[in-house]
Amino acid sequence: MILEDIGALNEAVKLSGDRQLVPFSSVHVKMMELGPFDKAYLEHLDDWAGMLDGMAGLGYAFTGALAGKPMCCFGIIKLWAGVAEMWLIPDANLTTVARSFHRVTKAFFDICMEDLQLIRLQVTVHTLNGPADKWIKRLHFNEEGVLRRFGPEGADYKMYAKLKEPDHYVGKTP
């Protein structure tokens, strides 16, 4: 499984040199300059570092680094057979590497779908975070609805999902 081998994962997403994925640590988030949505989200959690480390322990989590500086932290948690949820905390300056970030993200999604045998990958996006909303749609996620007062800051979030072909089932076919 590629997700369990950081070297194979970097090779699969075509990262090398000063651009690498490394195992996640909540310390990486402390090293990043956060944008307003991520800052507000984390400020409303009593122990955000513990929560992120806990989420990392439930699935797979990585940090995208540029010349040793964390540019984003992200992970995936398998909820049950065929279904997983991803999370992402970007550095405010992630736009400086937007093209490679987009390419790596698309490759990472494909790896997750294959390695974890997913039929559904879901994410939530703050309803007022226009750039994140636009980006997740560019990755072919479909909006499914609004989760009212979902975030720790009391904000509304949109649920998005990316589905594998409709004729792909896990286990017995219906």
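Each value in this text was obtained by applying a stated rule to the coordinates, not by laboratory testing. Nothing here was measured: the structure is a model prediction, and the numbers come from that model. No Cβ is skipped: glycine too gets one built from the backbone with ideal geometry, and neighbour counts run over all protein chains shown.
The local environment of His140, defined by Cβ-Cβ distances under 11 Å, has a net charge of +4 under the rule Lys, Arg +1 and Asp, Glu -1. Placing R0 at 35 angstrom, the Cβ-Cβ distance between Trp80 and Leu128 gives a FRET efficiency of 0.70 after rounding to 0.05. Extension gain for Asp5 to Glu33 (0.36 nm times residue separation, less C-alpha to C-alpha distance): 7.3 nm. For the range 2-163, the Cβ-based charge dipole about the Cα centre amounts to some 560 debye (Lys, Arg positive; Asp, Glu negative; other atoms uncharged). Sorted fewest first by neighbouring Cβ atoms within 10 angstrom, Arg19, Arg103 come out as Arg103, Arg19.
Order by neighbour count: His102, His28, fewest other Cβ atoms within 10 Å first, most last. Walk me through the numbers before you get to the answer.
On the way: His102 13, His28 23.
Ordered by Cβ neighbours within 10 Å, fewest first: His102, His28.
Among Met71, Met113, Met51, the ranking by other beta carbons within 10 Å of each residue's beta carbon, starting with the fewest, stands as Met51, Met113, Met71. Under the criterion of Cα pairs below 8 Å and six or more residues apart, the relative contact order for the chain equals 19 percent. Cross-link pairs exceeding 24 Å in C-alpha to C-alpha distance, out of Lys78/Lys158; Lys134/Lys162; Lys30/Lys164; Lys106/Lys164; Lys78/Lys137, comprise Lys30/Lys164. Mean-square fluctuations from a GNM of the chain, with a 10 angstrom spring cutoff on Cα atoms, peak among Gly17, Gly35, Gly50 at Gly17. Once the chain from Arg99 to Glu144 is taken as fully extended at 0.36 nm per residue, the excess over their C-alpha distance is 13.5 nm. Applying 1/(1 + (r/R0)^6) with r as the Cβ-Cβ distance of His44 and Ala67 and R0 = 35 angstrom yields a FRET efficiency of 0.65.
If you average 1/r over every pair of different alpha-carbon atoms in the range 26-88 and take one over that average, what Kirkwood value in Å do you get? Before the final figure, lay out each step's value.
Working: mean 1/r = 0.0800 Å⁻¹.
In the range 26-88 this quantity evaluates to 12.5 Å.
Each listed q (0.09, 0.13, 0.20 Å⁻¹) maps to a log10 I(q)/I(0) for the range 1-146 from the Debye sum over equal C-alpha point scatterers, namely -0.26, -0.56, -1.51.
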